[in-house]
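First the structure, in the form of structure tokens, and then the observations on it.
The values are calculated or read from the model by the stated rules, or taken from the named source; none is laboratory data. Remember, it's a predicted structure, so these values are computed and weren't measured experimentally. Quick reminder, even Gly has a Cβ in these numbers, built from the backbone with ideal geometry, and neighbours come from all protein chains shown. For the accessible areas, the whole protein counts, side chains as well, though only heavy atoms, and no ligand, DNA or RNA atoms are used. Shrake-Rupley method; radii C 1.70, N 1.55, O 1.52, S 1.80 Å.
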Amino acid sequence: MSLERRLVAELIGTFALVFIGSLSVDVSGSLVVVALAHGFILAVMAYALGAISGCHINPAISLAMYALRRLTGREALGYVLAQLAGASIAGLLHAVITPWSSTYYGLTLPTAKIGGSSGLAFLIEAVLTFFLALVIYQVAVAGKVPEPMGGLAIGLTLAAAILAGGPLTGAALNPARAFGPALASANFSSQWAYWLGPILGALAAFDVAAYLSRSQ
């Protein structure tokens, strides 16, 4: 598959995740609905786009794939830029549809439950992304999960992470998911935590998963 087509797939997939996910925050007000919206759209995109681009739709996963040498530097850069473009379009469209948004268009921020701490948000995002990336590795790299179940396993992991971490950080687990609403709301508070946490969590997960695979 050409790089151009893969990048278009990454843009579309990231747009879908950020748009559906962030919009659900505005219109539902229910943690369960928000978790299911994110999990369902990620699972569906994995089935729809996985054969084209791998359906990373997450800069943290693309950078971990680059570290694993599954992507070249050029490919990884293209993936990340396409993902940020998709997230930006989603955030701006969200702002057009719901200019009355009281959630900064689904922006993820450290909440009062963790004292608004960016440091704790970084830690939580890293740990939760570790679990998500571990499942992605087992599905996409190691092939340990039966193919028909792969997208569902990934989607359910994201939903579970949001159920646990949503009240604490918003549970982005994805720099693009954090970036789109930040751009739309012009609020980049604590963005470093939503970039560095998921990236380090994904890298650690891929290292651990590779180690576990070698030990079998």
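Things to note:
- Filtered residue count, the stretch 155-210, keeping only those that are without any contact (Cβ under 8 Å) to a residue 12 or more places away in the chain and part of a helix (DSSP H, G or I): 1
- Subset of the stretch 46-77 that is touching a residue at least 40 places away in the same chain (Cβ under 8 Å), touching a Phe, Trp or Tyr at 6+ places or on another chain (Cβ under 8 Å) and not in a helix (DSSP H, G or I) - its residue that is farthest from ARG5 (Cα to Cα): LEU68
- Scanning the stretch 170-216 for residues that are of a type in the set (Ser, Thr, Tyr) and on the phi < 0 side of the Ramachandran plot yields SER185, SER189, TYR194, TYR211, SER213, SER215.
- The requirement of being within 16 Å of GLY54 (Cβ to Cβ), open to solvent by less than 60 Å² (accessible area, probe 1.4 Å) and either β-branched (Val, Ile, Thr) or not in a helix (DSSP H, G or I) (or both) is satisfied by ILE136.
- Evaluating LEU31 against the criteria (1) at pLDDT 95 or above; (2) over 17 Å from ALA176 (Cα atoms); (3) surrounded by 16 or more Cβ atoms within 10 Å (Cβ to Cβ) leaves one unmet condition, (3).
- Scan of the stretch 139-151 for residues that are out of contact with any Gly (no Cβ under 9 Å at 6 or more places or on another chain) and either part of a helix (DSSP H, G or I) or open to solvent by less than 30 Å² (accessible area, probe 1.4 Å) (or both), ordered by number: VAL141, GLU147, PRO148, MET149
- Among residues of the stretch 152-180, those that are more than 15 Å from ALA133 (Cβ to Cβ), surrounded by fewer than 24 Cβ atoms within 10 Å (Cβ to Cβ) and small (Gly, Ala, Ser), counted: 3
- Taken over the stretch 89-117, residues that are touching a residue at least 12 places away in the same chain (Cβ under 8 Å) and either open to solvent by 30 Å² or more (accessible area, probe 1.4 Å) or part of a loop (DSSP other than H, G, I, E, B) (or both) amount to 17.
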